[in-house]
Each structure stands twice: as C-alpha cells, then as structure tokens.
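See structure below.
The values are calculated or read from the model by the stated rules, or taken from the named source; none is laboratory data. Keep in mind that this is a model prediction, so the values were computed, not measured. Note: ideal-geometry Cβ built from the backbone for every residue, glycine included; neighbour counts use all protein chains shown. What goes into the accessible areas is simple: the full protein's heavy atoms, side chains included, and nothing from ligands, DNA or RNA. Shrake-Rupley method; radii C 1.70, N 1.55, O 1.52, S 1.80 Å.
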Amino acid sequence: MASSADVHVRICEQEIIKYDLEIKALVQDVSECTGPQSKLTDFNVQVKEKFSNLRQRIQDLKQMGKEQDKESDKLNLLNKAEGHRKQMLSNQTAWRKANLACKLSIDKLEKEDLLNSEDMSIRHRKMTKESLAQTSSGITESLMSISRMMAQQVQQSEETMSTLATSSRTVHETNEEFKAMTGTIQLGRKLIIKYNRRELTDKLLIFLALALFLATVLYILKKRLFPFF
C-alpha cells in the first residue's frame, strides 16, 4: 500500500513540475509578445488553465501529505507542497509583470500605428487633393482641347458649306451653259437640215437647167446639122 502511495506522490510531483515548466514558457511568450491583443489573450487563457491544473495538483500533494502515517513523511510532503505553492505564486507575479509589460508595449505600438495611420491619412488626403487638382487641370485642358477641335470642325464645316455652295453655283451655271449649248446645237441642226434641203433643191434646179440646156443645144445642133429632119 505504501508503494502505491509513493507512486501517486511521484506522479503528482512530476505533473507539478511539468505544469511549472509550461507556465514559465508561457510567461516568457507573454513577455515577448508584441501583439496583436488577441494573441496576448490566447496566451493568458493558456496560462490560466495551467495555473488551475497546477493549483489542483499542489492541493492533491498536500492532501497526500496529510494522509501519511509517518510524521516525517507528512512534513516532507507538506513542505514540498508549500514550496510548489510559493513557486506558483512567484510564477503568478512574473506572469502579471509580463502581462503588464506586454499590454504597455502593445498600447505603444497601437498608438504609433495610429499616428502613422493619421500621418498616412493626412498624406493621402494631401495626395488626393493634389490628384484632384491635377485631374481638374487635365479635365479643363481636355475641355479646352475639345472646344478648339469643335471650333476647327465648325470652321471646316463652314468652309465645306461654302465650297458646296460654290460648287452648286458652278453646277447651276454649267447646267445653264449646257442648256444654252443645247439650244444652239438644236438651232444649228435646224439650220443644217434647212441648208441641206436648200442644197438639194439647188442641185435639182441646176440639174434641170443643165438638162434643159443640153436639150436646147441638141435641138439647135440637130436643126443645123440636119435641117431637113
């Protein structure tokens, strides 16, 4: 029975030492934590859990000491339990200090980030104003360019309309000339037809006159050469 009790005591002490080392490691993590706040909160949750387990095992060891038959064994376990309790309190003090230092560090970093953020916001607003000014200037220049282009287009349209008007007048005048030429051609055609008709009449008259002349000459010759016929 005594051997079994010793085994339980050794197991309890080993667990106490394990929790103590785990707590020290977590306290070190807390002291080195630079944020964010959620990470510190996660460490603190783990530390509280380890402290709860450690406190329970120290209480178990103390109870085992009270149950010892020998006074020397009882005092030995009670002294060990008290020593572990004091070590636990020391770890709790170190944890509170590390936690406080970490919170101060995180607050400082958050303030610096806030200041940097405000500075960045100011620079951003400044850059935004400059960008808006540049954009406004660019838009104004673009509008002026568009206005100039529209003026050029209007001028070109006026010139085109003037050219079209001139071309229209030219076409109209050419059409009138064509009409005049057509009238002249028709008149010339009529004159040619009339001349051709007159020429044909003259030819017929000449032919008849010639025939009459020949007939007259033949008649005279006949009378002279053949008077008796």
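For segment 16-46, a tally of residues being over 12 Å from A94 (Cβ atoms), hydroxyl-bearing (S, T, Y) and part of a helix (DSSP H, G or I) returns 3. Take L104 and tell me if it is closer than 14 Å to C33 by Cα and surrounded by fewer than 12 Cβ atoms within 10 Å (Cβ to Cβ). In short, yes. What number of residues within segment 71-100 are surrounded by 14 or more Cβ atoms within 10 Å (Cβ to Cβ), aliphatic (A, V, I, L, M) and more than 18 Å from C12 (Cβ to Cβ)? Selection size over segment 71-100: 2. Name the single residue that is nearest to the chain's Cα centre (by Cα) among those in segment 17-51 being among the β-branched types (V, I, T) and buried (at least 19 other Cβ atoms within 10 Å of the Cβ). Restricting to residues being among the β-branched types (V, I, T) and buried (at least 19 other Cβ atoms within 10 Å of the Cβ), the top hit is V30.
Quick grid of which residues meet (1) at pLDDT 90 or above; (2) under 30 Å from K108 (Cα atoms); (3) not polar (S, T, N, Q):
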site: D6; (1), (2), (3): no, no, yes
site: V9; (1), (2), (3): yes, no, yes
site: V27; (1), (2), (3): yes, yes, yes
site: V30; (1), (2), (3): yes, yes, yes
site: Q46; (1), (2), (3): yes, yes, no
site: N53; (1), (2), (3): yes, no, no
site: K62; (1), (2), (3): yes, no, yes
site: Q87; (1), (2), (3): yes, no, no
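For A133, the stated conditions do not hold, so it cannot be described as closer than 30 Å to N44 by Cβ, open to solvent by less than 90 Å² (accessible area, probe 1.4 Å) and either in a helix (DSSP H, G or I) or at pLDDT below 90 (or both). When every residue of segment 53-76 is checked against the conditions, none turns out to be within 53 Å of the chain's Cα centre (by Cα), part of a helix (DSSP H, G or I) and more than 30 Å from L114 (Cβ to Cβ). Every test in (1) closer than 24 Å to L109 by Cα; (2) part of a helix (DSSP H, G or I); (3) within 51 Å of the chain's Cα centre (by Cα) is passed by A94 save one, and that test is (3).
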